[in-house]
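Encoded as structure tokens, the structure appears first; notes follow it.
Since every read-out is calculated from the coordinates, none of them should be taken as a lab result. Being a predicted model, the structure only gives us computed values, none of them experimental. Glycine also receives a Cβ, built like all others from the backbone with ideal geometry; neighbour counts cover every protein chain displayed.
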Protein chains: 2
Amino acid sequence: MRTPRSLAPGKELMKSRISDLRHKIKRLETLINTSMVFSGILDIDELLDTVMQQAEEVMEAEASSIFRIDEKNQDLYFITARGEKGKEAKEIRVPMGKGIVGWVAKHGKPLLVPDVRKDKRWFGGVDEKTKWVTRSILAVPLIVKGKVIGVAEVLNKRGNRHFDKGDLELFAALGNQIAIAVENASLYSDLDKLFLSSIRAIVEAVDAKDPYTRGHSGRVVDYALLIGQAMTRDKERLKEIEISSILHDVGKIGIPDRILGKPGRLTRRERNYMERHPEFSAAIIEPIEMLKKLTANILHHHERYDGKGYPEGLKGKKIPLVARVICVADAFDAITTDRPYRRRKSIRTGLRELQRNSGTQFDPRLVKIFVTQFKKNELS
Amino acid sequence: MRTPRSLAPGKELMKSRISDLRHKIKRLETLINTSMVFSGILDIDELLDTVMQQAEEVMEAEASSIFRIDEKNQDLYFITARGEKGKEAKEIRVPMGKGIVGWVAKHGKPLLVPDVRKDKRWFGGVDEKTKWVTRSILAVPLIVKGKVIGVAEVLNKRGNRHFDKGDLELFAALGNQIAIAVENASLYSDLDKLFLSSIRAIVEAVDAKDPYTRGHSGRVVDYALLIGQAMTRDKERLKEIEISSILHDVGKIGIPDRILGKPGRLTRRERNYMERHPEFSAAIIEPIEMLKKLTANILHHHERYDGKGYPEGLKGKKIPLVARVICVADAFDAITTDRPYRRRKSIRTGLRELQRNSGTQFDPRLVKIFVTQFKKNELS
């Protein structure tokens, strides 16, 4: 608006002002709708990509990025990088205080740079590596509870124009929302790590009671996920496999030491008791409301594909899929580690043994996947 | 705006339109700033109260509430209820489909009721119970991923006015934000419950190995929190007490059965081994990054206030506060439950025994708090 307030504006000017205001309302409404997208804290990457896509639209920008501060390294890394060279950019880390983004992170203030070539703070390191040409930048700090946790930026206003003050205000508001989404996702992911690492630590202590099974559950998780990742990309499903695997032997807490650590072969009676460990594991999991649905995965991890396993002699597809996965992973670790009654076999022999028992002890499809994945990952 | 589009508006009308648009911008900006408040998923009650306070301001409403749907009971309960009669309202549950709120929950559509007395859906049950007089209601569904999880409403536009369509649009946008905050908080709280209930279930299995300590860790948590809640309202601090208490004996996983379950008195050697359990507990916790800071609370729960405890013979305030709290809680449970070598003593005797050893074995301040709280809570 170029008319000073003191002059009564003419009709044309008023029309243009109304049009300006309408435009502003449209943008504000888009911004509010954008924040509706912040609907989950689980798929943060996907979420932020959608948000930045909308941000680019509102800001009429050619590209955009979100950076997170790494406190330990005192630098910034990309969480999202959209635009032509986004993929290349993601590899790069920006030192604290360096360039526009580093400056915003260090000072916790937004920065509008209409022409980067005229700004001393401009560093150009990312452009050099990505062959992208930045003309103008609008960068805002992501602040949570007074602390800068990252930076969001949009690059190059479309149509060779510059970002202006209105853009800055709008993007700063969006920055606040992004900051919250990023922080919420971190809190959730920290708690998730705490949950998994805690049960893992306790289970490892149970494994360690028997020197022969030290580290067993952790390895079974790795093997089970190797199969799982080849079957699905569904995060919930993979989490289910991970938690079921880590807890499959937790019931060994209930097995007396003299059976668990016995150097020689077990008597029939001892073996019967030992074979109750899936039931004990299931009994520990069952009362936990959110894990109840995993009980069957754990209870049946010693069933055999031919129905000759325990505790219920379930056969084939009647055995829950995750239980069949754990069965393969569990057996492979048992074969390839020392046991009181025999020395460990080689990886190669282990894989062959799985194949030999495919269709009898193991689900043939899962053996195939495991062997393929294991070789592909060059773990062998 | 009363002028049809085809007529060229006069200057006065244009002025009023500009003023309308400015007002709308002001409200949209407030809404965007409101959403900045959504900064944490931990203090959801506090957060929603602040948000609704701002919502009342923007909507010029006398009161406001947020309801959550209880899927099991097929009814709605208040999460927040602001306004004169908020406290009274919070006790009430609204059946699904009943009244304005029930209608919005059932149909998943917003509802603008300028005069409740003229609307057939109006039920009035909450007014009756709270002696509040509702004139007009604006209620929007809280929808997450296509599913109605609750309802937000504002009541009685100030100055005896009615809510209008503009209010509805604005409040619907805010509703989307509230929905996300409520959902995020639920996801976080579910995961937190999963974490606590999982370690609790595993620890209970460890306790159960020795029939004399069945349920021990759970009771120690209750006793320790009884002391903790009298000392602080800081949620983080209380969580720290809870997690430290639940894990204080987890190291007993490492104690052989023959010592743990021995019916008679332990030999000196066995006792030495038994007394290493705080070290074993600490060793399990220490590698877990987010629990590392609790290690000392667990390691020192058998220190005595007079310095004659183990493992390090720390004295007085040198013993971490939480370790001193667990010490009192742990001893009280040991005294009041059966042991292989003696029968359990009464609650009264237990409290007296704590007092008798106050200043020698126990921190006198904590004994005082525990005895007071225990009697106050009529657990005795």
What is the projected area of the convex hull of the Cα atoms of the protein assembly as shown, averaged over all directions, in nm²? 42.8 nm²
To the nearest 0.05, how large is the calculated FRET efficiency for B:MET231 and B:LYS11 if R₀ is 60 Å and r is the Cβ-Cβ distance? 0.30
Averaging sequence separations of C-alpha pairs under 8 Å and six or more residues apart, then dividing by the length of chain B, give the relative contact order as a whole percent. 10 percent
Along Cα-to-Cβ, 7 Å out, sits the label point; list in nm, shortest first, how far the one on A:HIS107 is from those in the other copies. 5.4
I'd like the FRET efficiency for B:LYS308 and A:THR360, computed as 1/(1 + (r/R0)^6) with the beta carbon distance as r and R0 of 45 Å, rounded to 0.05. 0.15
Once you put a point 7 Å from the Cα of A:ARG339 and another 7 Å from the Cα of B:GLU84, both along the Cβ direction, what distance in nm separates them? 7.8 nm
Tell me, A:SER198, A:SER245 in order of fewest to most beta-carbon neighbours within 10 Å? A:SER198, A:SER245
Against the empirical 2.2 N^0.38 Å scaling, what ratio does the C-alpha Rg of the range A:194-346 come to? 0.99
5 angstrom amide H check on A:ALA63, placed H, neighbours 5+ away: A:LEU155
Using a 7 Å offset from the Cα along the Cα-to-Cβ direction at both B:ASN377 and B:LYS293, what is the distance between the two label points in nm, to one decimal? 2.4 nm
Take each of the peptides B:300-313, A:218-231, average the number of other beta-carbon atoms within 10 Å over its residues, and list them starting from the highest. A:218-231, B:300-313
Name the lysines eligible as straight-distance cross-link partners of A:LYS345: C-alpha to C-alpha under 19 Å, and not fewer than 8 places from it in the same chain. A:LYS375
Would you tally the net charge around B:ALA224, using a Cβ to Cβ cut-off of less than 14 Å, leaving B:ALA224 out, and scoring K and R as +1, D and E as -1? -2
Ratio of Rg to Rh for the range B:18-187, alpha carbon only, Kirkwood? 0.94
Using a Cα-Cα cut-off of under 18 Å, which lysines could be cross-linked to B:LYS15, ignoring same-chain neighbours fewer than 8 residues away? A:LYS11, A:LYS15, A:LYS24, B:LYS24, B:LYS26
Tell me which lysines have Cα within less than 20 Å of B:LYS147's Cα, excluding those fewer than 8 residues away on the same chain? B:LYS72, B:LYS98, B:LYS106, B:LYS109
Using label points projected 7 Å from each Cα along Cα→Cβ, tell me how many nm separate A:GLU91 and A:THR267, to one decimal. 6.5 nm
So if we plug the beta-carbon distance of B:THR30 and B:ARG158 into 1/(1 + (r/R0)^6) with R0 = 22 Å, what FRET efficiency do we get, rounded to 0.05? 0.90
Along Cα-to-Cβ, 7 Å out, sits the label point; list in nm, shortest first, how far the one on A:GLU312 is from those in the other copies. 5.0
Between the label point of A:ARG237 and that of the same position in each other copy, find the distances and list them shortest first in nm, with every label point placed 7 Å from Cα along the Cα-to-C-beta direction. 4.8
Tell me what chain A gives for mean residue ellipticity at 222 nm when only DSSP H runs of n ≥ 4 count, each as -39,500 (n - 2.57), the sum divided by the residue total, rounded to 500 deg cm²/dmol. -16500 deg cm²/dmol
List the DSSP H helices in chain B whose Cα atoms stretch 30 Å or more along the helix axis and whose mean Kyte-Doolittle hydropathy is at least -1.0. B:11-36, B:165-209
On a 26 Å Cα-Cα criterion, which of the cross-link pairs A:LYS145/A:LYS292; A:LYS239/A:LYS292; A:LYS157/B:LYS165; A:LYS209/B:LYS262 come out too long? A:LYS145/A:LYS292; A:LYS157/B:LYS165
